[in-house]
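**Q** One structure, pasted below without further comment.
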Amino acid sequence: MTALTERQQLAYANAQAADGRVNLEFETDEGMTLNMGPQHPATHGTLRIVVKLDGEEVISCEPVMGYMHRGYEKLTEVRTYPQVTTLINRIDWLGSFANEVPFILAAEKLMDIEAPPRAQWIRTVLFELSRIANISLFVGDMALHIGAISAAFYAFRDREYVLNQIEAATGGRFHPNFDRIGGLKDDLPKGWIADTKASMEKIRDFCDEMETLVEGNEIFQARTRGIGVIPADVALAYGMTGANLRASGVDWDLRRDQPVGLAWNECDWNVVTHPDGDSFARFWVRLQEIRESTKIVDQLLDGLPAGPIMAKVPRIIKVPEGEAWVATENPLGEMGYYVVSKGDLGPFRVKIRTASFNNVAVIPWVTRGVYVPDVVTILASLYFILGDIDR
Amino acid sequence: MEETPEAPEVDEARQAVIDKLTEELGEAVVGSHIRPGDDVWVRVTAESWRTAGLVVRDHLSFRAFEYLSAIDWLPNPYGKNEDAPTDPRPEPNTDIVTGYAGGDTRFQVIARVQSYTSKLGLNLKVDLPDDDLSLATWLPVYAGVNWHEREVHEMFGITFTGHPYLQNLYLPGEFEGHPLRKDFPLLARFVKPWPGIVDVEPMPASDDEAEAETEEAAE
Amino acid sequence: MSAPIFGIELSYWQETVLRSVGILAAVLLPAGTFVYLFLFKMVSFMQSRLGPMEAGPFGSMQLLAEVGKFLQKEDIVPERADRKLFKLAPYLVVATVLLVYLAVPFGPQMTFVTNFDGGIFYVLAVSSISALGVLLAGWASANKYSLIGGLRAAGQLIAYELPMVLAVIGVVIQAGTLNMSGIVSAQANGAIFGFDGLGNPYFFTQIIGFCIFMIAVQAELGQTPFDMPIAESELVTGYITEYSGLRFLLFFIGEFASAGAFAAVAATLFLGGWAVPAAWADLDSAIFNLLGPIIMLTKMMILGGLIFFVRFTFPRFREDQLQKLAWTVLIPISLANILATTILKVAF
């Protein structure tokens, strides 16, 4: 026998060891650990899911987050109130205008200022536009994870119309930073209302297209119906909110049930629920929510009141002492800010309650006993954004 | 026009919540506050934390869990780090002034629960003495409090007795310290001075001035 | 030797060289065309984008650019991988494709093996070797994602062999021969219920067999909706995860070449292969040595287009749903198809 080189010996030993290692993992009760790591196509961003498998069936599934933790709650303590808006824009970066609103409303509540009606209405319109931008990405993204890659392109294409409108009004597609304590930074540009209504038409066409292509597809339904069922009481105990909650049959929408001064009650729209609580229900509810949002935008733009954009606020903003909690129905769920103020230029403590933090906590419960492809389906349907979880 | 003194608004629904809670818990309710039409705060003792949770969930039907967090009432000894590093540091204020529903200690745990039937929310606060930063876990009450308690543990150092897995959520494993405490400095502001300060460093002098300075220093 | 090609007598070795070059051309040309037309352009237009436009006019040289890119990459073998098997796997897959093309007739004399009696039987047997290559790639990569992909592939590929074979049996019964050239001439010279203007392409009479064959081919190729082995959003790229550079190129070309191979086989079996109906032209004339490949390429393009159109439209099945489809739906239907064909063949 010829002398083996050291490299060959090493390779042989490694091959044997690799074999043995996998065999050993198969035979233990704990199952094979598959690390759908921070870099993975299925987790939107840097979320790590440690899955223990028995063949293809999940024994346990633990999400590990914190790869994107930026320390927002600590950072807000050294910022003034207007500076905090630039910071919190980046929590849920797809529906970014919606992040600023609850904080601004909390500060306004403590200062006892009310923004003029025109500002409130435009805030609502921009809020709904961010919701449309955010959820239309979800629709394409979930189809992508199930395998229909073309749908994601259609979602990006049609979302551009909404992003163009947001950019035309605020100057930024992704991080508008447009809300100010007491109102908005600027009024709307000329012709914006007509353009936005045209883009709402396109979004409605997009919804119809997605219904035929994705929702009606038998394979999609076979992959999502009955997968990841979350009953209503479990959803409430975990603090899930938003479309996830409404897909489990709970009829709760903060826009209708806890009004915060924005203009949702001025128009006529429905709250969409679905009794099943599975992944298909979550997809369906969000698709209908896009339609309802387009209705809201159309109605609000029709009746936009004239008037000033900004209330009378002092130049240097000092918020009086107190504590306030404001939560709004953001695209991902319920986002709330608990602002503790000591009468300074900046807040004393801000607790940012984000929707995805609670939505992701339910993953270990809901993925017991499903297959690996179902884990991806469930992750896609729960719809979280990493910045929202980690802050 | 004559100004009539306004009668204080009475928020009946929220007052009823406080009354029912006091009825169930008795002595454990040590403080409360209502902002009429808006919100209600109740402070309970640390020993009754778990019972309060069960009462609130079962008897008052606050079935939805919002969040659980903590507040450190110590004023920030570092200020905002917006002062020039050459100025004398201002004396830190060590008075602990707490917020709504009172409080005697530096750390307070605050939790919020929501009722979807009565459309009310309730903020529950509890004082924690500095030498015994521990509280009974709320896991049997709301399953979703798991990650919130882990976060409070790593950020404030508050232990939740009975929680099976109080590991760090965001921070790496060997991290020392509890970042959200006020005496934990925001390192970014120390490493790089706040750029809004004027004249942090002396302006680069011209050659004549530099010579004059060195001559002066030599004298 | 065979009859003179275009009147030129060639010695044995000259013919062999010509045939070998021809086979390589037959494999790579359709593969390249498939990649450009379907992967770069058709899918881009379906997804409302343009696709590669820079390399060459309308991006037609993009594949050459990609080949060049892959050829100059570093040769990486993961440290814990089984080196021999890791390196062997892509060659197995590509070899399978070449072997399949050997039996497909491209013209009256454009066959690699003259008068191959075992034609379709050989093709079906040899096409299953690629399953071995996939399993090797999955196991030898020392990567759990590859392992899961490889195991899924093994189950899927074996499960869908059966409907493919059973669908082909209907054609064989109707043609009466396993010889691929014989099947082509049976379709060209045949008649549907006495009407011989169109020949007898088995597309019409064996429509069920055609559908089952195309579904099985989609699964054999590992294309969506049967792309569990690759399943990009779950398994990163399944059994191909650890491959880069030349080996990845071999898998890539192998995937499209085998799409071409199966399209060629399907065209031969169901669409009449290189021939047009005998009523239209004289099939023995030498002109069909030139026209045959062109006609064959056209038919391959049509079928390949169908395969890739379905790939970029549908979501993917979970593997248990996939297996259920194969075992409980496709096999019973194909058995019924065979039964019906036999009865009708005997009756008519």
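**Q** Using a 10 angstrom cutoff on alpha carbons, build the Gaussian network for chain C and name the most mobile of C:ALA186, C:ALA131, C:ALA142.
**A** Residue with maximal mean-square fluctuation among C:ALA186, C:ALA131, C:ALA142: C:ALA142.
**Q** In Å and on Cα atoms, what radius of gyration and Dmax does segment A:115-209 show?
**A** Every Cα atom of segment A:115-209 included, Rg and Dmax give 14.5, 47 Å.
**Q** Given the DSSP H assignment, sum -39500 (n - 2.57) over each helix run of at least 4 residues in chain A and divide by its residue total; what's the result at 222 nm in deg cm²/dmol, nearest 500?
**A** Details: 16 runs with 195 residues, N = 391.
The helix contribution divided over chain A gives -15500 deg cm²/dmol.
**Q** I want the antiparallel fraction of DSSP beta bridges within the protein assembly as shown, as a percent rounded to 5.
**A** 90 percent
**Q** Based on Cβ point charges of +1 for Lys and Arg and -1 for Asp and Glu, what charge dipole magnitude is obtained for the protein assembly as shown about its Cα centre, in debye rounded to the nearest 20?
**A** 3620 debye
**Q** Tell me the mean residue ellipticity at 222 nm calculated for chain C from its helices only (DSSP H runs of n ≥ 4, each -39500 (n - 2.57), averaged over every residue, nearest 500).
**A** -19500 deg cm²/dmol
**Q** Another one. From the C-alpha gyration tensor of segment B:12-68, pull out the three semi-axes of the equivalent ellipsoid (sqrt of 5λ each), sorted largest to smallest, in whole Å.
**A** 17, 14, 11
**Q** Top mean-square fluctuation among C:VAL17, C:VAL165, C:VAL329, Gaussian network model of chain C, C-alpha springs under 10 Å?
**A** Taking springs between Cα atoms under 10 Å, the residue moving most is C:VAL17.
**Q** Any idea how many Lys pairs in chain A come in under 23 angstrom at the alpha carbon, given 8 or more places apart or on separate chains?
**A** Counting lysine pairs in chain A gives 20.
**Q** Another question about this same structure. Please list the equivalent ellipsoid semi-axes of segment A:79-135, computed as the square roots of five times the alpha-carbon gyration tensor eigenvalues, in descending order and whole angstrom.
**A** Taking √(5λ) for each eigenvalue gives 20, 16, 7 Å, largest first.
**Q** Can you give the longest run of chain A that contains no GluC sites (Glu not before Pro) sitting in a DSSP loop with at most 15 other Cβ atoms inside 10 Å?
**A** Result, exposed sites excluded: A:115-320.
**Q** How high is the relative contact order of segment B:136-188? Use alpha-carbon pairs under 8 Å, at least six apart in sequence, and give a whole percent.
**A** 32 percent
**Q** Search the structure for amide H atoms under 5 Å from the amide H of B:TYR67, placed 1.01 Å from N in the peptide plane, and list their residues when 5 or more places away or on another chain.
**A** Here B:ARG112 satisfy the definition.
**Q** If you don't mind, another one. For segment C:1-101, state which GluC sites (Glu not before Pro) are in a DSSP loop and have at most 15 other beta carbons lying within 10 Å of their beta carbon.
**A** Filter output for segment C:1-101: C:GLU9, C:GLU54, C:GLU74, C:GLU79.
**Q** Could you pull out the chymotrypsin sites (Phe, Trp or Tyr not before Pro) across segment B:149-190 that fall in loop regions by DSSP (anything but H, G, I, E, B) with no more than 11 other Cβ atoms inside 10 Å?
**A** For chymotrypsin sites (Phe, Trp or Tyr not before Pro) across segment B:149-190 that sit outside H, G, I, E and B with at most 11 neighbouring Cβ atoms in 10 Å, the list reads B:TYR165, B:PHE175.
**Q** Quick one: if you stick a label point 7 Å off each Cα along the C-beta vector at A:PHE174 and C:THR342, how many nm between them?
**A** About 6.4 nm separates the two model spin labels.
**Q** Rounded to two decimal places and with Rh computed the Kirkwood way over Cα pairs, what is Rg over Rh for chain A?
**A** Numbers: Rg = 23.6 Å, Rh = 22.4 Å.
Computed over Cα atoms, the ratio is 1.05.
**Q** Please sort by residue number the GluC sites (Glu not before Pro) in segment B:132-182 whose DSSP state is loop and whose Cβ has at most 10 other Cβ atoms within 10 Å. Walk me through the numbers before you get to the answer.
**A** Details: sites: B:GLU149, B:GLU151, B:GLU154, B:GLU174, B:GLU176; in loops: B:GLU174, B:GLU176.
Hits after loop and neighbour filter: B:GLU174, B:GLU176.
**Q** Roughly how many debye, to the nearest 20, is the charge dipole of segment A:224-341 about its Cα centre, given +1 on each Lys and Arg Cβ, -1 on each Asp and Glu Cβ, and no other charges?
**A** Numbers: 11 positive and 16 negative charges, 78 e Å.
Roughly 380 debye, rounded to the nearest 20.
**Q** Mind sorting A:TRP269, C:TRP139 by how few other Cβ atoms lie within 10 Å of their own Cβ, fewest first?
**A** A:TRP269, C:TRP139
**Q** If you don't mind, there's one more thing I want to ask. Using the charge dipole of the protein assembly as shown (Lys, Arg: +1 at Cβ; Asp, Glu: -1 at Cβ; taken about the Cα centre), state which of B:LEU25, B:LEU171, C:ALA286 has its Cα farthest towards the positive end.
**A** Value: C:ALA286.
**Q** Taking a cut-off of 22 Å, what percent of all Cα-Cα pairs in segment A:226-345 are separated by more than that?
**A** Result: 49 percent of Cα pairs exceed 22 Å.
**Q** Once Lys and Arg get +1 and Asp and Glu get -1 on their Cβ, which of A:GLY147, A:PHE206, A:TRP264 lies farthest toward the positive end of the dipole of chain A?
**A** Working it through, the farthest residue towards the positive pole turns out to be A:TRP264.
**Q** Right, another one. Kirkwood hydrodynamic radius, segment C:3-347, all distinct C-alpha pairs: what's the number in Å?
**A** The answer is 21.0 Å.
**Q** If you average the sequence gap of Cα pairs under 8 Å that are 6 or more apart and divide by the length of chain A, what percent do you get for the contact order? Please list the in-between numbers first.
**A** Numbers: 728 pairs, mean separation 96.2, N = 391.
Computed over chain A, the figure is 25 percent.
**Q** Same structure, new question: So what's the protein assembly as shown giving for Rg/Rh, alpha carbon basis, Kirkwood Rh from the mean inverse pair distance?
**A** 1.07
**Q** Further, regarding this structure: I need to check one value: relative contact order of chain C, counting alpha carbon pairs closer than 8 Å and at least 6 residues apart, in percent. Please report the intermediate quantities before stating the final value.
**A** Numbers: 528 pairs, mean separation 81.8, N = 348.
Result for chain C is 24 percent.
**Q** Name the residue farthest towards the positive end of the dipole of segment C:3-347 from the options C:GLY155, C:TYR91, C:PHE213, assuming +1 on Cβ of Lys and Arg, -1 on Cβ of Asp and Glu, about the Cα centre.
**A** C:GLY155
Only the coordinates and a few stated rules stand behind these numbers; no lab work does. Given the structure is predicted, the values throughout are model-derived calculations rather than measurements. Methodologically, a virtual Cβ is constructed for each residue, glycine included, from the backbone with ideal geometry; neighbour enumeration extends over all protein chains shown.
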